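J.: Before I ask anything, here is the structure I am working with.
Any read-out appearing in this document is the output of simple, stated calculations on the displayed coordinates, not a laboratory observation. Just so it is clear, the structure is predicted and the values come from calculations on it, not from any experiment. Note that we place each Cβ from the backbone using ideal geometry, even for glycine, and neighbour counts take in every protein chain shown.
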Amino acid sequence: MESYRPISLPSIVGKVAEKMALRRLLWLWTPRPHQYACRSMRTTTMQLAHLIHEVEHNRNHYFQVNLPKKSGIGNQLHYRPHRTLLVLVDFSKAFDSIDHRVLSRLLANIPGVNCRRWLRNFLCGRYAKTRVGNRNSDRRPTLRGAPQGSVLGPYLFSLYVHPLLNLLNSFAGVTADMYADDLSIVINGHSREDTIPAVNTILEKLHARGQ
């Protein structure tokens, strides 16, 4: 049953209120440029163009290296292009795995006490039940995840992954982008051997964040 995603039926009035709130929230905090999807002018084509630009830029960026001459006497200066390693990560059930406690702390980035209180009330204290045919399950609290089908869901997810993107892009020679819940990481180095330690460190950080 895990491969079947339920159909969510959010309130129409609630979605109108979310739309109004989102317009104001975008004035207060805008997702970083490395986040694509569910935003104006941040399409799939734009992310692909940015990814290709990063790879081509690294290929056309040379560094100097001194190598022994064929005669064996002295060294000779050579120019070599940088190497690029691309890591693609697909987070399993990313939207459904949002920890409300963590997101509630991240809401401190949003200016305004009333605005933060409204967002916490919107996110927390939710209940859901499942209907199959004519039978309804008991109500259960939803302690994780962004509300499916909501207007604010993608915005809250962008806020949730904001620290992760900041961390990844703080590494030297690393550029990390996200399209919704798909993460692409471009790692630049002098050689393939130079990029491997960076990849291992990044994967360890991602694994630790996912626990």
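J.: Using 7 Å Cα-to-Cβ label points, what is the Ser40/Lys129 separation (nm, one decimal)?
T.: 4.0
J.: For Asn200 and Arg59, FRET efficiency with R0 = 25 Å and r from the beta-carbon atoms, rounded to 0.05?
T.: Plugging the Cβ-Cβ distance into 1/(1 + (r/R0)^6) gives 0.60.
J.: Follow-up. Okay, helix-only estimate at 222 nm for the chain: each DSSP H run of n ≥ 4 adds -39500 (n - 2.57), divide by all residues, round to 500 deg cm²/dmol; what do you get? Provide the component values of the computation, followed by the final result.
T.: Values: 6 runs with 87 residues, N = 211.
Helix-only estimate at 222 nm: -13500 deg cm²/dmol.
J.: Would you grab the residues whose amide H sits under 5 Å from the one on His82? Only those 5+ places off in sequence or on another chain, please, with H modelled 1.01 Å from N.
T.: It is His61, Phe63, by chain and number.
J.: Taking the square root of 5 times each eigenvalue of the Cα gyration tensor, what semi-axes in Å does the equivalent ellipsoid of the chain have, largest first?
T.: 45, 19, 15
J.: Hey, another quick one. Rounded to the nearest 0.05, what FRET efficiency is calculated for His190 and Asn109 with R0 set to 30 Å and r the Cβ-Cβ distance?
T.: 0.25
J.: Net charge near Ser184, counting Lys/Arg +1 and Asp/Glu -1 over other residues with Cβ under 11 Å of its Cβ?
T.: That works out to -4.
J.: Oh, and also: Please give the contour-minus-distance gain from Met20 to Lys93: 0.36 nm per residue of separation, less the Cα-Cα distance, rounded to one decimal in nm.
T.: Length gained, Met20 through Lys93: 23.5 nm.
J.: While we're on this one: How high is the FRET efficiency from Trp27 to Lys70, r the C-beta distance, R0 45 Å, rounded to 0.05?
T.: Details: r = 64 Å, r/R0 = 1.43.
Computed FRET efficiency for Trp27 and Lys70: 0.10.
J.: Residues of the range 148-177 with backbone nitrogen within less than 15 Å of a virtual label 7 Å along the Cα-to-Cβ line of Leu86, please, listed as ranges.
T.: Backbone N within reach: 175-177.
J.: Quick query: amide H of Tyr36 versus all other amide H atoms, modeled in the peptide plane; which residues come in under 5 Å with a sequence gap of 5 or more or a different chain?
T.: Here Met178, Tyr179, Ala180 satisfy the definition.
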